[in-house]
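Undergrad: Pasting a structure here, questions to come.
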Amino acid sequence: MNSPSERPVFIHGGVVVNDDREWRADVLVEGGVVKAVGLDLNVPSDALRLDATGKFVLPGGIDTHTHMQLPFMGTVAADDFDIGTQAAVAGGTTMILDFVIPQKGQSLLEAYDQWKQWADPKVNCDYSFHVAVTWWSDQVADEMKVLAEERGVNSFKMFMAYKGVFMLEDDKLFHAFTRCKELGALPQVHAENGHLVAEGQKKMLELGICGPEGHLMSRPEEVEAEATHRAITIADQVNVPIYIVHVMSKGAANKVVDARQRGKLVYGEPIAAGLGTDGSHCWHHDWRHAAAYVMGPPLRPDPTTKDHLMRLLASGDLQTVGTDNCTFNANQKALGKDDFTRIPNGLNGTEDRMSIVWTKGVATGFVGVTSSNAARIFNIYPRKGRIEVGADADIVIWDGDAKRTISAKTHHHAVDFNIFEGMEVQGVAVTTLVRGRVVWRDGELVPAQGWGRYVPRPCWGPAFGSVAQRDAQRALYHQPVKREPYAGPVIQL
Ligand code: URP
Ligand code: ZN
Ligand code: ZN
């Protein structure tokens, strides 16, 4: 039989929604791409017909931040590239951006190859890789160039936390950001002050606070906000755009807003967890429950944080929604049963991301924040993030009225806990297509391991549009004053 995407698909009766327009139209898919959008289309007799009457036909979601099968904190994330992408497509997401995270001293290229070998045979949806820069040397700078020019990596993540493991000091951040600028790649940061986190952890343990609540107490909002501001400042000195991953607090989000208002090139990414729940769970009396919410930067105890972040998405001050999907079972979280600093950081989100956004903030410009903005920022638009002729047929038929109750008993993750347990959400993916292949339909997965493709992302995306002009403007100011040399006496040392 031919490739599953070679059978045409005809989606009829629905309302097609792009980030700038919605209208009644049918969609014809052939060879994995959108062949036609409109009414009275010429439909091949062998086409699979999908009825979208009363429903929306949306560009598939793009989860900008996942960690499938990440080796981390002494264990490996439970959702691998198979189960994790099954969960993604069950929720209407058709592409994930995962992270290659080399160990300190490890070749970036070797790590990239390793991650790709893990992903390729397993992925049920398309994917791409951000690559983390966890140490600095000429070799790293050289390998960034190879990744950018030959492997389609146009974003690099730097950690300001995880002292002694992944953290880079400010001078190294400056060098890494500068390299990104030379390559036309977007620097991303995990913004937390790693020194203050380490001191805060010591203090909490000395106070006898060993449970998950110590995780939040040791790294308060200010620690995230300070690092966010510092990252933006360093990027601004380099004159390179910057993307703040997992914006978790009002303080950090407000730093992004302030900087944008001052004309800085900054993007901010909240995650599903931060929009759908909060950090008060870390005070729960059941240790497993409390530990399930441990991630970094932490979910905040302030329950109004989620509405704040959602409003900033709606106003365009924050742009994308990721998940930081990095799941650990109870017995893995239990590595930190006597010491919160050893609880593997991470939680679920990729399956529920789109439903959370629909439920909490349907007025956000849903398609933009769940798909198109990411495609633009990471320079794969309009191949991804849009329904138009020639685009990849990554499509979700979305029932905006349907409701479901989230539960670990029914979710598609490999993990034994769901941080949104019991939450009733509105907005459900009825059918999900990845490059024209049906991978989820009416509550059932259609297995497609290995169907997903690595999506190379070219450098010099739209974020770089005004960089040259800004450099030219600064060059006008960065001029020496022409003056006579000082001719007076100089003290003898
Ligand atoms: O808690 C988190 N965020 N785990 C994954 C690693 C990271 O910092 O993104
Ligand atoms: Zn991070
Ligand atoms: Zn992450």
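The values are calculated or read from the model by the stated rules, or taken from the named source; none is laboratory data. Computed from a predicted structure; not experimentally measured. So basically every Cβ, Gly included, is an ideal-geometry build from the backbone, and we count neighbours across all protein chains shown. Heads up: the accessible areas ignore ligands, DNA and RNA and are worked out on the full protein's heavy atoms, side chains in. Shrake-Rupley method; radii C 1.70, N 1.55, O 1.52, S 1.80 Å.
Undergrad: Would you check if P71 is free of Cβ contacts under 8 Å to residues at least 40 places away in the same chain, within 16 Å of ligand 1 (Cβ to nearest atom) and touching a helix residue (DSSP H, G or I) at 6+ places or on another chain (Cβ under 8 Å)?
TA: The answer is no for P71.
Undergrad: Listed residues S155, S107, S137; which is within 24 Å of N379 (Cα to Cα) and of a type outside the set (D, E)?
TA: Only one candidate passes the filter, namely S155.
Yes/no per residue for (1) within 13 Å of ligand 1 (Cβ to nearest atom); (2) touching a residue at least 60 places away in the same chain (Cβ under 8 Å):
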| residue | (1), (2) |
| --- | --- |
| S280 | no, no |
| A291 | yes, yes |
| M295 | yes, no |
| L312 | no, no |
| D317 | no, yes |
| D324 | yes, yes |
| L347 | yes, yes |
| E351 | no, yes |
| V362 | no, yes |
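Undergrad: Ok, one more. Residues T359, T364: which one is under 23 Å from V428 (Cβ atoms), surrounded by fewer than 24 Cβ atoms within 10 Å (Cβ to Cβ), of a type outside the set (A, V, I, L, M) and modelled with pLDDT under 95? Give the derivation first.
TA: Working: T359 fails: modelled with pLDDT under 95.
That would be T364, the only listed residue that is under 23 Å from V428 (Cβ atoms), surrounded by fewer than 24 Cβ atoms within 10 Å (Cβ to Cβ), of a type outside the set (A, V, I, L, M) and modelled with pLDDT under 95.
Undergrad: Open to solvent by 10 Å² or more (accessible area, probe 1.4 Å), more than 30 Å from D138 (Cβ to Cβ) and without any contact (Cβ under 8 Å) to a residue 60 or more places away in the chain: which single residue out of D19, D46 fits that description?
TA: D46
Undergrad: What are the residues in the range 424-464 that are free of Cβ contacts under 8 Å to residues at least 40 places away in the same chain and assigned to a loop (DSSP other than H, G, I, E, B), if any?
TA: Passing the criteria: D442, G443, V446.
Undergrad: Next up: Within the set of pairs 6+ apart or on separate chains, which have a first residue in the range 49-61 that is surrounded by 20 or more Cβ atoms within 10 Å (Cβ to Cβ) and at pLDDT 95 or above, a second that is polar (S, T, N, Q) and assigned to a strand (DSSP E or B), and C-beta atoms under 6 Å apart?
TA: Once the first residue is surrounded by 20 or more Cβ atoms within 10 Å (Cβ to Cβ) and at pLDDT 95 or above and sits in the range 49-61, its partners that are polar (S, T, N, Q) and assigned to a strand (DSSP E or B) give L50/T431; G60/T94; G61/T93.
Undergrad: Cβ contacts < 9 Å: first residue in contact (Cβ under 8 Å) with a residue 24 or more places away in the chain, restricted to the range 471-493; second residue surrounded by 10 or more Cβ atoms within 10 Å (Cβ to Cβ), any location; separation 6+ or different chain. Result?
TA: Note: pairs meeting the criteria are D471/N239; R474/N239.
Undergrad: Tell me which of these V467 doesn't satisfy, since it passes every other one: (1) within 26 Å of D324 (Cα to Cα); (2) touching a residue at least 12 places away in the same chain (Cβ under 8 Å); (3) in contact with a helix residue (DSSP H, G or I) (Cβ under 9 Å, 6 or more places away or on another chain).
TA: It is condition (1) that V467 fails.
Undergrad: May I ask you to list the residues in the range 395-423 that are part of a strand (DSSP E or B) and among the basic types (K, R)? Can you show your working first?
TA: The initial filter retains those residues of the range 395-423 that are part of a strand (DSSP E or B), namely 395-405.
K403, R404 - these are the residues of the range 395-423 that are part of a strand (DSSP E or B) and among the basic types (K, R).
Undergrad: Taking the condition of being in contact with a Cys (Cβ under 9 Å, 6 or more places away or on another chain) and not hydrophobic (A, V, I, L, M, F, W, C), how many residues in the range 87-119 meet it?
TA: Within the range 87-119, residues that are in contact with a Cys (Cβ under 9 Å, 6 or more places away or on another chain) and not hydrophobic (A, V, I, L, M, F, W, C) number 2.
Undergrad: OK, next. Let me confirm something: among P298, P344, P303, which residue is away from ligand 2 (no atom under 15 Å from the Cβ), of a type outside the set (D, E, K, R) and farther than 28 Å from G385 by Cα?
TA: Checking each option against the conditions leaves just P303.
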